[in-house]
Amino acid sequence: MRNATLAFLIVLVAAVSGWGARTSQPTQFDSNQPIRITSDRLSADDTARQMTFLGHVVARQGDVTIYADDLTVFYQQGSREVERVEAEGDVRVVQNNRVATGQKGIYYRQQGRIVLTGSPAIHQGENSIKGDAITVFLNEEKSIVTGDENTRVNAVFQPKKGTP
């Protein structure tokens, strides 16, 4: 119940502050675009249906870029269709002017969302929000930030310059 209340308050604050306001170019993320990955090393395991990229990983799909120390791609049996991608170590997700960070991130391709944990934060311009977990919806300019009993949601919203 507490997480639901916090999520509602974030949505309310976002609506009032313009945090979730659309830019002139709405996000059109397409999870069917190719995923391009570079790293220092690759380890593939067809039996486990996964590929692990190690060291200075950069993964790009459309307008989304994920930076991490390590990244594991999990794919469906019998094909190379990506189910999910797990990034670990100094994870940074960049999409347009939105930057989300954490120590771990899981990208769910079919749902078009990334869940960040491990001191996650999201920044859009000068505004920022921190919590226990952050879900970034790639098809929308929307994020959900939740806290727990030890980590409350913290937000900083900067007023627009030149407005009273």
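If the chain linking D46 and Q77 were pulled fully straight, counting 0.36 nm for each residue of separation and taking away their Cα-Cα distance, it would gain 10.3 nm. Per-residue 3J(HN,Hα) values for the stretch 43-57, derived from phi via the Karplus relation 6.51 cos²θ - 1.76 cosθ + 1.60 with θ = phi - 60°, read 10, 10, 9, 5, 4, 7, 6, 8, 10, 10, 9, 10, x, 6, 7 Hz in sequence order (x marks Gly and Pro). The alpha carbon convex hull volume per residue for the stretch 49-164 rounds to 113 Å³. For the stretch 39-57 versus the stretch 114-145, the spacing of their alpha-carbon centroids is 26 Å. Shown here for the stretch 108-164: GluC sites (Glu not before Pro) in loop regions (DSSP other than H, G, I, E, B) with at most 10 other Cβ atoms within 10 Å, namely E149. Note on N139 and V58: their simple-model spin labels are 2.9 nm apart, each label 7 Å out from Cα toward Cβ.
The modelled label-to-label distance between V156 and Q103, using points 7 Å beyond Cα along the C-beta direction, is 2.2 nm.
Read-outs: derived from the displayed coordinates by stated rules, not from any lab. For clarity, every value in this text was computed on a predicted model and none was experimentally measured. Ideal geometry is used to build each Cβ from the backbone, glycine not excepted, and the neighbour counts take in all protein chains shown.
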